[in-house]
Amino acid sequence: MEFATKSRQALVPMAAVLLPSCSGVQSALDPAGFEATALAHLFWVMLIGSAVIWVVVLGLARYAARRDRASWSHRSAGRLILWGGAVVPTTVLAALLVYGLMLMPDLRAPGGPLHVHVEGEQFWWRVRYAAPDGTMVETANEIRLPVGQRVELRITARDVIHSFWVPSLAGKMDAIPGRTNRLVLEPTETGRFRGACAEFCGASHALMAFTVEVMEPEAFTEWLTAQAQPVQATADPGQAAFLRHGCGACHTVRGTAAAGRIGPDLTHLARRPTIAAGILENTQENRITFIAQPRAVKPAALMPEFGMLPQQEIAAIATWLGGLR
Ligand code: CUA
């Protein structure tokens, strides 16, 4: 009795810790997309199904243990094993299998005209869109999608296997070098969601996040059109320092001489909510930190450390990048 009270008391703080993880910007149990909703339903149906199996099998085991041994005939013992050990689990599991299979055609339905190419890198995400005028627009660690439209993501990787996962919108999809996997999803709510890499890919695997912003279709088109524009080249000292110190060998800033392909495209960096693949807020202080010591933020990142540059040059580069809208 005392044990029962104690375990009930323990349940309260446990629930307080566990329940908030059922909602928020990165929860499969708080779906904001058609696919994620189907998966959340599947989860609850599976949970209830397994609870039914658990209750029935334990109930039968308890009944069998309490019943007087002498009263068991060979036949009644066999019947108990047949029902509790075979019929109930098989029926429930078969029903769950049929339900799971019935969801598959919807999850594999073809996407709409919008395609987003996503490439896993160590340790960030290269994102490319085909703009309405046919040009390819590249960005990084940020995906924007129009609400209520089916979108096809074409997912691949450059060097090692990653896994693309936005729990609020859809299931996981592996990003495999040399192969392009399709993930079709349809966001049903606007808002900003968080995605993560779900496959161990190296030292900064856990630091490889991204944001997905679901917008009204007009706002999305506006954003994509703006992204397709180059930035205005200026006589900014930050831009001069960026080019002088060779940043353009790895990074592209469309509209300037910087056309590197190794690192993230930094055109319109100021519009992104985060830097360093979802790890730092996009503030002046954080941009300075990342330029000076990228590996302190992100171990084993390919970006070299630029802490040896004069402080005011780093600050000028960070200011210029922070103004690239
Ligand atoms: Cu990329 Cu884990």
Length-normalised contact order of segment 219-325 in % [C-alpha pairs under 8 Å, at least 6 apart]: 28
Residue separation between residue 55 and residue 203 times 0.36 nm, minus their alpha-carbon distance, gives in nm 49.0 nm
Neighbours of residue 60 by Cβ distance under 15 Å: Lys/Arg at +1, Asp/Glu at -1, summed charge +4
Between residue 33 and residues 5 or more places away or on another chain, the pairs with built amide H atoms under 5 Å apart involve 188
Relative contact order (percent, whole number), segment 274-325, Cα cutoff 8 Å, 6+ residue spacing: 33
In nm, to one decimal, how far is the modelled label at residue 99 from the one at residue 79, with both set 7 Å along Cα→Cβ? 3.0
GNM flexibility winner over the chain from 118, 52, 253 (Cα, springs under 10 Å): 52
From the helices alone, meaning DSSP H stretches of at least four residues, give me the mean residue ellipticity at 222 nm for the chain, per-run term -39500 (n - 2.57), in deg cm²/dmol to the nearest 500. -12000 deg cm²/dmol
Compactness summary of segment 27-86: radius of gyration and Dmax from Cα atoms, Å, are 18.5, 58
Looks like segment 200-269, by Cα gyration tensor root eigenvalues a ≥ b ≥ c and the a/c under 1.5 rounded cutoff (else prolate when a/b is bigger than b/c, oblate otherwise), is oblate
Using modelled backbone amide H atoms (1.01 Å from N, in-plane), which distant-in-sequence or interchain residues come within less than 5 Å of residue 236's amide H? none
Rounded to the nearest whole number, the Stokes-Einstein translational diffusion coefficient of segment 148-260 at 4 °C and 1.567 mPa s (Kirkwood radius, C-alpha pairs) in µm²/s is 77
If N is the residue count of segment 167-325, its Cα Rg over 2.2 N^0.38 Å rounds to 1.12
Karplus (6.51, -1.76, 1.60) ³J(HN,Hα), θ = phi - 60°, over segment 214-228, in Hz, Gly and Pro reported as x: 9, 10, 5, x, 5, 5, 5, 4, 4, 4, 5, 5, 5, 5, 6
Two-decimal log10 I(q)/I(0) for the chain, as the Debye equation yields it once each C-alpha is a single scatterer, q = 0.12, 0.15, 0.16 Å⁻¹: -0.90, -1.22, -1.34
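Values quoted throughout were computed directly from the atomic coordinates according to the rules given, and no laboratory measurement underlies them. None of the values given here were measured: they were computed from a predicted structure. Quick reminder, even Gly has a Cβ in these numbers, built from the backbone with ideal geometry, and neighbours come from all protein chains shown.
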